[in-house]
Amino acid sequence: MSGETFHRDLLPATTCGKLCAAMREFRGNTVLTFDTESKGAIVLEHMNELNGSIQRWLEKNLEYIDFVIPLEKSLVTDPVQAMFCGRIGRMHEALSALAASGLETDVTVLRTEYPVRDLSIVDVLNQGCSKGHALARWAKFRGVSREQVMAIGDNYNDIEMLDFAGLPFIMGNASEELRGKGWSVTLPNDQSGVAAAIEQVLGGAWVGI
């Protein structure tokens, strides 16, 4: 609460090196992130295959971007994560490659999809690192039971968090697949869905699954 770092879970550089080697076909879609607030916080080889998907994000963070060829040369310290970005079809190919990489016991793979933009982001983090793990750790530290925890999500990288929470809500703008998982469905994000979910819980209208 004082602004100090509560917990940090980095992806071991040796594991990231193996990941880069296994995902060589997707080198143009790869972004590495490091825990620093200076140039080199974001590392990639080039923007050629990223401009069409996350161009605005890249432009906004240009002062933090460093170009390193090959990417492995940047692994002098442990990164926060590796990220693969691109069209949804291309990222499904990346997910298949990750599944065949033999690294499933070393990493956590989380995906986010935005069908309207034909954009998918695949985050690769250290094993046991997700929103769900972070929420469980913080709840334990604060002495709060999972039954007292409310979580609201709208994408695939929220699944572990929603599974942990005793009061899970999925946004109305989420995919049909996610809305069909049995969580309470609130309004879409352009109709104040978060506020509607909170009002529902505080008003006592929520019924547990």
*Long-range neighbours under 6 Å by Cβ, at least six apart or interchain, first residue at pLDDT below 95 within segment 1-18, second in a loop (DSSP other than H, G, I, E, B)*: none
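In this structure, does Val144 turn out to be free of Cβ contacts under 8 Å to residues at least 60 places away in the same chain and either under 22 Å from Leu187 (Cα atoms) or in a strand (DSSP E or B) (or both)?
On the way: free of Cβ contacts under 8 Å to residues at least 60 places away in the same chain: yes; either under 22 Å from Leu187 (Cα atoms) or in a strand (DSSP E or B) (or both): no.
It is false that Val144 is free of Cβ contacts under 8 Å to residues at least 60 places away in the same chain and either under 22 Å from Leu187 (Cα atoms) or in a strand (DSSP E or B) (or both).
Take the residues in segment 128-138 that are outside any helix (DSSP H, G or I) and among the small types (Gly, Ala, Ser); name whichever of them is surrounded by the most Cβ atoms within 10 Å (Cβ to Cβ). Even if it seems obvious, please write down each step before you answer.
From segment 128-138, those outside any helix (DSSP H, G or I) are 128-130; that's our starting set.
So of that shortlist, the ones also among the small types (Gly, Ala, Ser) come out as 128, 130.
On the way: Gly128: 10, Ser130: 23.
Within segment 128-138, the match that is surrounded by the most Cβ atoms within 10 Å (Cβ to Cβ) is Ser130.
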*Which residues, taken from segment 106-127, are modelled with pLDDT of 95 or more and either at positive phi or not in a strand (DSSP E or B) (or both)?*
Asp106, Gln127
*asked:* Only one of Glu93, Glu72 is part of a helix (DSSP H, G or I), modelled with pLDDT of 95 or more and touching a helix residue (DSSP H, G or I) at 6+ places or on another chain (Cβ under 7 Å). Can you tell me which?
replied: Glu72
*All but one of (1) of a type in the set (D, E, K, R); (2) surrounded by 12 or more Cβ atoms within 10 Å (Cβ to Cβ); (3) at pLDDT below 95 hold for Arg56; which doesn't?*
(2)
*Where Asn48 falls short, out of the listed (1) of a type in the set (S, T, N, Q); (2) in a loop (DSSP other than H, G, I, E, B); (3) surrounded by 15 or more Cβ atoms within 10 Å (Cβ to Cβ)*: (3)
_Number of the exception - Met83 against (1) surrounded by fewer than 17 Cβ atoms within 10 Å (Cβ to Cβ); (2) in contact with an Asp or Glu (Cβ under 6 Å, 6 or more places away or on another chain); (3) among the hydrophobic types (A, V, I, L, M, F, W, C); (4) not in a loop (DSSP other than H, G, I, E, B)_ = (1)
*Name the residues in segment 10-42 that are in contact with a Cys (Cβ under 8 Å, 6 or more places away or on another chain) and in a strand (DSSP E or B), would you?*
Thr30, Val31, Leu32
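For segment 92-125, name all the residues that are farther than 23 Å from Leu10 by Cα and surrounded by 17 or more Cβ atoms within 10 Å (Cβ to Cβ).
Matches in segment 92-125: Glu113, Leu119.
The values are calculated or read from the model by the stated rules, or taken from the named source; none is laboratory data. Owing to the predicted nature of the structure, the values given are computational and were not obtained by experimental measurement. With ideal geometry, Cβ positions are generated from the backbone for all residues, glycine too; neighbour counts draw on all protein chains shown.
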